[in-house]
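Right, one structure below, let's go through it.
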Amino acid sequence: MVAGTVRLRSQAEVDSLRGVTFVGGALYIGPSTDITDLGALRDLRTVATGVAIEGNELLTGLAGLGGLESARSGLVIRGNPVLQDLEALAGVADARFIEIVDCPSLTDLAGCPQSASVDQVRLANLPALSDLSAMAGLTATTQLDLRGPLGGADLSPLGGLPMLHGLLLQEIDGLASLTQIGAPPGLAALTLIGLDDLTGLEGAAALTGLTFLSVQDCAHLTSMAGLAQLPALTNLGLTRLPALATLENLGGITIRSLQLVELDALGSLDGSAPLPALTDLTAAACPQLTGLTGLAGMAPSLQRLYLADLPALVSLNAGGALDSLVTLELDGCAMLSGLADLPALPSLTNLSLRRLASLSDVAGFPPVAPTATVYIADMTSLTSLAGLAGLTTCRRLSVENCDALASLAGLGSLDTVSERLRFQGNAILTDLADLAPQIGVGRVEFFDNPLLDQCALLSRLSTWTVAVTVYVAGNGPCLGAPAPATSWRGW
């Protein structure tokens, strides 16, 4: 018995462990330039945590580990360039995780532990691996990651894994249809990355229990056809699909969340049949997307819309009202110059405007609920808040880092901010005249506004009703009368 972790980096160190049956920590074999024979480990039965066999330049087989029964945390076999088989590991009955990576001479998985304890398996960069039939014994595995290159292995054994819940397939040459993976009966989450031979998703129809699908970096994928056959799908992510120009064939599915990210050819949301269950939509870094026409018809139940880094977006016209929308976030849409064509948003409660470089005012600012949070930040061209004239009551209001904003004109109707009112980092803000002399607010924060007369600010705040605290710091010097005495809690 050896207590604690053991590291074997030479043949001599391997030989020194002869006769040991138990290692109390982890066992590391390698990296090494001379380990060729693990025979001295033939008596080893248990490793309390895990076994890692990594970076052994001359190791061709694992004979010597044939008596190993338990490696509780798992087995990691990585970077062994001439390793040809795993057969000595067949007796391992207790290993929660198996990782086999960067073993270019390995042709099959014969000997891979088949025990009911193996929960997760990761295989990557095994270019000679041509036979996955041994995976049929992984009857308890719930998560499987296959990352190429693989040696043209038939993927159909995956369909026989009864407990498989999550599957990731990345950069596997020749994977042209999802029919090739069979139909794992419990598969709920599927991630597809860098599958250059995949042009469509028609083969997904057999995956009837799928609830999550993420498709990334599939250069030739042009169509979403096939997804309508997935009755349980609730979350769909489409990322970096340069050939996907339309959302046609997306309609009819039950998704609640849709992410459209870095879709270089997507110019419109038109073309999709209604997605009646969709409540959350993200569109980000889609350089050709110019407007939202079709959104109202596509997502009649939409509750959250996040639009970010859309350099061509010039219109917010959704083709109709978004009656259920609660949260709208606009971030980094450099060409958007106005809010006037916003659709009716009768349920709007959270509005965030950030990094809209062409927006000089907020005319067209929509009515918001009295419980609303309004966040305006990093707007380099914003010179006026006049569009906020209808804002009387909200939960939170923040105006931050708006370098061209000199005045708070437009906030004259503001009466109540129940939680927090914040003005931070506004480089030329000087004019507070439009702020009402009586405002009820939970917490007030004015800080790092370098031209704002701090005494004038405190004078204005002295007549407000503040429920919690006032934080005033880092503003400009006092230019007039000194600040009045105050008794605010927390000041």
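I'm trying to understand the selection: among the residues of segment 26-39, which are outside any loop (DSSP other than H, G, I, E, B) and surrounded by 18 or more Cβ atoms within 10 Å (Cβ to Cβ)? If you could, list the steps in order and put the result at the bottom.
Kept after step one, since they are outside any loop (DSSP other than H, G, I, E, B), are these residues of segment 26-39: 27-29, 32, 39.
Those that are outside any loop (DSSP other than H, G, I, E, B) and surrounded by 18 or more Cβ atoms within 10 Å (Cβ to Cβ): Leu27, Tyr28, Ile29, Ser32.
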Is it the case that some residue within segment 404-425 is touching a Pro at 6+ places or on another chain (Cβ under 8 Å), among the hydrophobic types (A, V, I, L, M, F, W, C) and either surrounded by 20 or more Cβ atoms within 10 Å (Cβ to Cβ) or within 26 Å of Ala285 (Cβ to Cβ) (or both)?
no
Segment 310-364: number of residues that are more than 22 Å from Leu391 (Cα to Cα) and either among the β-branched types (Val, Ile, Thr) or in contact with a helix residue (DSSP H, G or I) (Cβ under 6 Å, 6 or more places away or on another chain) (or both)
4
Taking segment 158-204 and keeping residues touching a helix residue (DSSP H, G or I) at 6+ places or on another chain (Cβ under 7 Å), in a loop (DSSP other than H, G, I, E, B) and within 22 Å of Arg240 (Cβ to Cβ) leaves Ser177, Leu201
Those residues of segment 135-150 that are surrounded by fewer than 17 Cβ atoms within 10 Å (Cβ to Cβ) and more than 27 Å from the chain's Cα centre (by Cα) come to a total of 3
Condition first: modelled with pLDDT under 95 and hydroxyl-bearing (Ser, Thr, Tyr). Now tell me which residues in segment 52-72 satisfy that.
Ser70
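Would you point out the residue of segment 99-129, among those that are in contact with a helix residue (DSSP H, G or I) (Cβ under 6 Å, 6 or more places away or on another chain) and buried (at least 17 other Cβ atoms within 10 Å of the Cβ), that is modelled with the lowest pLDDT? So that I can check it myself, show each step before the final result.
If we filter segment 99-129 for residues that are in contact with a helix residue (DSSP H, G or I) (Cβ under 6 Å, 6 or more places away or on another chain), which is where we start, we get 109-114.
Filter once more, keeping what is buried (at least 17 other Cβ atoms within 10 Å of the Cβ): 109, 111-114.
Details: Leu109: 92, Gly111: 89, Cys112: 88, Pro113: 87, Gln114: 80.
Across segment 99-129, the extreme among qualifying residues is Gln114.
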Got at least one residue in segment 221-234 being surrounded by fewer than 19 Cβ atoms within 10 Å (Cβ to Cβ), not in a loop (DSSP other than H, G, I, E, B) and not hydroxyl-bearing (Ser, Thr, Tyr)?
yes
Hey, any hits in segment 256-270 for a residue that's closer than 21 Å to Leu210 by Cβ, of a type in the set (Ser, Thr, Tyr) and in a loop (DSSP other than H, G, I, E, B)?
no
Filter segment 296-310 down to residues that are surrounded by fewer than 21 Cβ atoms within 10 Å (Cβ to Cβ) and part of a strand (DSSP E or B) and give me whichever is farthest from the chain's Cα centre (by Cα).
Arg304
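Sort out which residues of segment 311-330 are surrounded by fewer than 21 Cβ atoms within 10 Å (Cβ to Cβ) and in contact with an Asp or Glu (Cβ under 7 Å, 6 or more places away or on another chain), and write them in order of number. Walk me through how you get there before you give the answer.
If we filter segment 311-330 for residues that are surrounded by fewer than 21 Cβ atoms within 10 Å (Cβ to Cβ), which is where we start, we get 311-312, 314-315, 317, 319-321, 323-324, 326-327, 329.
Scanning segment 311-330 gives Ser315, Asn317.
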Residue list for segment 9-25, filter: over 12 Å from Ile53 (Cα atoms) and part of a loop (DSSP other than H, G, I, E, B)
Ser10, Ser16, Leu17, Arg18, Gly19, Val20, Thr21, Gly24, Gly25
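For segment 6-25, does any single residue satisfy the condition of being closer than 18 Å to Pro104 by Cβ and surrounded by 17 or more Cβ atoms within 10 Å (Cβ to Cβ)? Don't jump to the end; show me each part of the working.
Applying the first criterion (closer than 18 Å to Pro104 by Cβ) to segment 6-25 yields none.
Looking through segment 6-25, none of the residues is closer than 18 Å to Pro104 by Cβ and surrounded by 17 or more Cβ atoms within 10 Å (Cβ to Cβ).
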Say we look at segment 431-463 and pick out the residues that are surrounded by fewer than 19 Cβ atoms within 10 Å (Cβ to Cβ), part of a loop (DSSP other than H, G, I, E, B) and modelled with pLDDT of 95 or more; which of these is nearest to the chain's Cα centre (by Cα)?
Asp448
If you check every pair at least six apart or on different chains, which have Cβ atoms under 6 Å apart with a residue in segment 151-173 that is free of Cβ contacts under 8 Å to residues at least 60 places away in the same chain first and a residue that is surrounded by 16 or more Cβ atoms within 10 Å (Cβ to Cβ) and part of a helix (DSSP H, G or I) second?
Leu155/Gln180; Leu155/Ile181; Pro157/Met135; Leu158/Ile181
In segment 122-146, residues that are more than 12 Å from Leu161 (Cα to Cα) and in a strand (DSSP E or B) total 8
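On the basis of being out of contact with any Gly (no Cβ under 8 Å at 6 or more places or on another chain), surrounded by fewer than 17 Cβ atoms within 10 Å (Cβ to Cβ), of a type in the set (D, E, K, R) and under 26 Å from Val20 (Cβ atoms), does Glu69 make the cut? Walk me through it before giving the result.
Numbers: out of contact with any Gly (no Cβ under 8 Å at 6 or more places or on another chain): no; surrounded by fewer than 17 Cβ atoms within 10 Å (Cβ to Cβ): yes; of a type in the set (D, E, K, R): yes; under 26 Å from Val20 (Cβ atoms): yes.
No.
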Going residue by residue through segment 301-309, is there one that turns out to be more than 20 Å from Leu339 (Cα to Cα) and at pLDDT 95 or above?
yes
Pairs with Cβ under 7 Å, 6+ apart, first in segment 1-20 and farther than 20 Å from Glu57 by Cβ, second surrounded by fewer than 15 Cβ atoms within 10 Å (Cβ to Cβ) and of a type in the set (D, E, K, R):
Gly19/Asp43; Val20/Asp43
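Looking at Val76, Val82, which one is within 39 Å of the chain's Cα centre (by Cα) and either aromatic (Phe, Trp, Tyr) or in a strand (DSSP E or B) (or both)?
Working: Val82 fails: either aromatic (Phe, Trp, Tyr) or in a strand (DSSP E or B) (or both).
After applying the criteria, what remains is Val76.
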Kindly provide the set of residues from segment 335-352 that are within 26 Å of the chain's Cα centre (by Cα) and crowded, with 17+ Cβ neighbours inside 10 Å, ordered by number.
Leu336, Leu348, Thr349, Asn350, Leu351
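Count, please, the residues in segment 321-339 that happen to be assigned to a loop (DSSP other than H, G, I, E, B) and of a type in the set (D, E, K, R). Break it down stepwise before answering.
Just the residues of segment 321-339 that are assigned to a loop (DSSP other than H, G, I, E, B), to begin with: 321-326, 332-339.
When the remaining residues are screened for being of a type in the set (D, E, K, R), the result is 323.
Total meeting the criteria: 1.
The values are calculated or read from the model by the stated rules, or taken from the named source; none is laboratory data. Bear in mind that the values here come from a model prediction, so they are computed numbers and not experimental data. All Cβ positions, glycine included, derive from the backbone under ideal geometry; neighbour counts span all protein chains shown.
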